[in-house]
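What follows is one structure encoded as structure tokens, with my remarks underneath.
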Amino acid sequence: MAGPDPIIFHVDMDSFYASVEVREHPEYAGRPVIVGADPKGGLGRGVVSTCSYEARKFGIHSAMPISHAYQRCPDAVFICPHFELYEQASQSVMRILRQYSPVFEQVSIDEAYLDMSHLHSFEAAQEKAQEIKNEIREQERLACSIGIAAGRTLAKIASDHSKPDGLLVVTPEGAASFLAPLPVEKIPGIGKKSARALHEMGIFTIGQLAFADIQGLIAKFGRSAVVMRDLARGIDRTSIRIRETSRSLSREMTYEQDTRDIPALQRTLDGMAQELAGYLSNERMMFKTVTVKIRYQGFDTRTKARTIEKPREDFLTIRAVAWQLFSELYDGRLVRLIGLKLSGLQSGDRSQTKIDDFSDSPPPLR
Ligand code: TTP
Ligand code: MG
């Protein structure tokens, strides 16, 4: 027999980088604030990292070219990112969240899941979530949104739906009717391609997905169709994955002019590797996976990742793997942007480092 429903919280900070900047500069409060590349009077070439909700009214959003953001709102406050500041704020928020449940999963710099099943009721959960929001506001002067549901995926949809400064409980009984009018794109994991395939089948809302022909869905999406349709019906069995390795750390850089200067591209990778290694060393963290991203002229973006056998933290390994990935990925076209990401992060207990971990050569690659 099934036990009581789990109670999962998804906590996501609102316009995170921008909110931290506003906290540091109260004079920006209420203004459109855009964190990202230097707009250079409309000629800048990077992208928007994020922006305040005031800026979103102008249609500005993450990953938009900064030049477009400038065209839409030249009077906004434009700020280049201060990653250390955001990391510090993130750590303080996560410290608060961890106090509420030992079953905790941080999934990015500004979001985490908590298993709060010990509260036993969704009413008690709602009160507790308000308490968490108050504590984050008082201690960190930052706003977040919290979604509560019996599964991880639904909790995420709920927090997203409640933004900004929201709190939304989706009970198992209310899940199907909450989801029904939402577009299928609101389901995490349904990207542009899957959405297009669903649209071609005449399925636009989650409610339509709930009653779609399962054989047709399986033919298109394989076995994941069953999970997808169950979710559309409000049945979500996804639970918290307690993984130390769920976080990632990344840097990227957009060139002023598209380039195919390989030594320059490698120097950029080196600089980013150095910065990430410095961060890992400060935080006593190690990584398992390195990803290199290349965006070519015309926004065609390619990535390649490699996971190493044992977690490492050093610059030389990051650089060696990054260079190797770069050489496998790069096809000679003009490069607009290059990025480096470390994932599978875990706390690095170096007391357990074995003698053979100290060799200078990079570790074997999988
Ligand atoms: P998100 O949580 O996706 O966005 P957000 O917190 O800015 O806004 P909201 O949650 O209220 O919709 O991402 C968290 C941070 O990650 C964001 O503040 C900046 C960074 N980020 C990027 O640098 N580039 C991106 O494309 C995205 C989506 C986020
Ligand atoms: Mg956020």
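When the stretch 29-84 is limited to residues that are touching a Gly at 6+ places or on another chain (Cβ under 7 Å) and in a strand (DSSP E or B), the one that is nearest to Asp160 (Cα to Cα) turns out to be Ser49.
Residue check: Thr50 meets all listed conditions (1) surrounded by fewer than 15 Cβ atoms within 10 Å (Cβ to Cβ); (2) polar (S, T, N, Q); (3) within 15 Å of ligand 2 (Cβ to nearest atom) but one, namely (1). Taken across the stretch 162-181, residues that are at pLDDT below 95, part of a loop (DSSP other than H, G, I, E, B) and among the small types (Gly, Ala, Ser) do not occur at all. Is the stretch 84-100 home to any residue that is at pLDDT 95 or above, within 15 Å of ligand 1 (Cβ to nearest atom) and aromatic (Phe, Trp, Tyr)? Within the stretch 84-100, none of the residues are at pLDDT 95 or above, within 15 Å of ligand 1 (Cβ to nearest atom) and aromatic (Phe, Trp, Tyr).
Against the test of being in contact with a helix residue (DSSP H, G or I) (Cβ under 9 Å, 6 or more places away or on another chain), away from ligand 2 (no atom under 16 Å from the Cβ) and open to solvent by less than 30 Å² (accessible area, probe 1.4 Å), the options Ile132, Ile60, Ile66 yield a single qualifying residue, Ile66.
Quick one: in the stretch 1-20, of everything that is assigned to a strand (DSSP E or B) and over 16 Å from Ser62 (Cα atoms), which residue is farthest from ligand 1 (Cβ to nearest atom)? Lay out the reasoning, then the answer.
First, the residues of the stretch 1-20 that are assigned to a strand (DSSP E or B): 8-13.
Those still in the list that are over 16 Å from Ser62 (Cα atoms) too: 8-11.
Numbers: Ile8: 18, Phe9: 15, His10: 11, Val11: 10 Å.
This residue is Ile8.
With respect to the conditions (1) within 30 Å of Val170 (Cβ to Cβ); (2) small (Gly, Ala, Ser); (3) modelled with pLDDT of 90 or more, Gly271 lacks only one, and its number is (1).
Within the stretch 146-197, if we keep just the residues that are under 15 Å from Ala210 (Cβ atoms), open to solvent by 40 Å² or more (accessible area, probe 1.4 Å) and in contact with a Ser or Thr (Cβ under 9 Å, 6 or more places away or on another chain), the residue that is nearest to ligand 2 (Cβ to nearest atom) turns out to be Pro183.
For first residues located in the stretch 162-173 and in contact (Cβ under 8 Å) with a residue 24 or more places away in the chain and more than 16 Å from ligand 1 (Cβ to nearest atom), partners that are open to solvent by 40 Å² or more (accessible area, probe 1.4 Å) and in a loop (DSSP other than H, G, I, E, B) and lie 6+ apart or on another chain with Cβ distances below 9 Å form the pairs Thr171/Asp5; Pro172/Asp5; Pro172/Ile235.
Quick grid of which residues meet (1) in contact with a strand residue (DSSP E or B) (Cβ under 9 Å, 6 or more places away or on another chain); (2) near ligand 1 (Cβ under 9 Å from one of its atoms):
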{"position": "Val22", "(1), (2)": "yes, no"}
{"position": "Gly30", "(1), (2)": "no, no"}
{"position": "Gly44", "(1), (2)": "yes, no"}
{"position": "Val47", "(1), (2)": "yes, yes"}
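Scan the stretch 85-106 for residues that are outside any helix (DSSP H, G or I) and either closer than 20 Å to Glu21 by Cα or out of contact with any Phe, Trp or Tyr (no Cβ under 7 Å at 6 or more places or on another chain) (or both) and jot them down. Within the stretch 85-106, Gln99, Tyr100, Ser101, Pro102, Val103, Phe104, Gln106 qualify.
Taking the criterion of being over 25 Å from Arg241 (Cβ atoms), modelled with pLDDT under 95 and exposed (fewer than 14 other Cβ atoms within 10 Å of the Cβ), would at least one residue in the stretch 136-145 satisfy it? Before you say what the answer is, go through the steps one by one.
The initial filter retains those residues of the stretch 136-145 that are over 25 Å from Arg241 (Cβ atoms), namely 137-143.
Filter once more, so that each one left must be modelled with pLDDT under 95: none.
No, because not a single residue in the stretch 136-145 is over 25 Å from Arg241 (Cβ atoms), modelled with pLDDT under 95 and exposed (fewer than 14 other Cβ atoms within 10 Å of the Cβ).
Taking the stretch 180-220 as the range and being acidic (Asp, Glu) and farther than 18 Å from Thr153 by Cα as the test, the residues that pass are Glu200, Asp213.
Residue count for the stretch 1-38, restricted to those that are closer than 25 Å to Ile240 by Cα and crowded, with 24+ Cβ neighbours inside 10 Å: 7.
The values are calculated or read from the model by the stated rules, or taken from the named source; none is laboratory data. What you see is a predicted model, and the numbers here were worked out from it, not measured in a lab. Positions of Cβ are generated from backbone atoms using ideal geometry, with glycine treated the same way; all protein chains shown enter the neighbour counts. Surface areas here come from the heavy atoms of the whole protein model, side chains and all, with no ligands, DNA or RNA. Shrake-Rupley method; radii C 1.70, N 1.55, O 1.52, S 1.80 Å.
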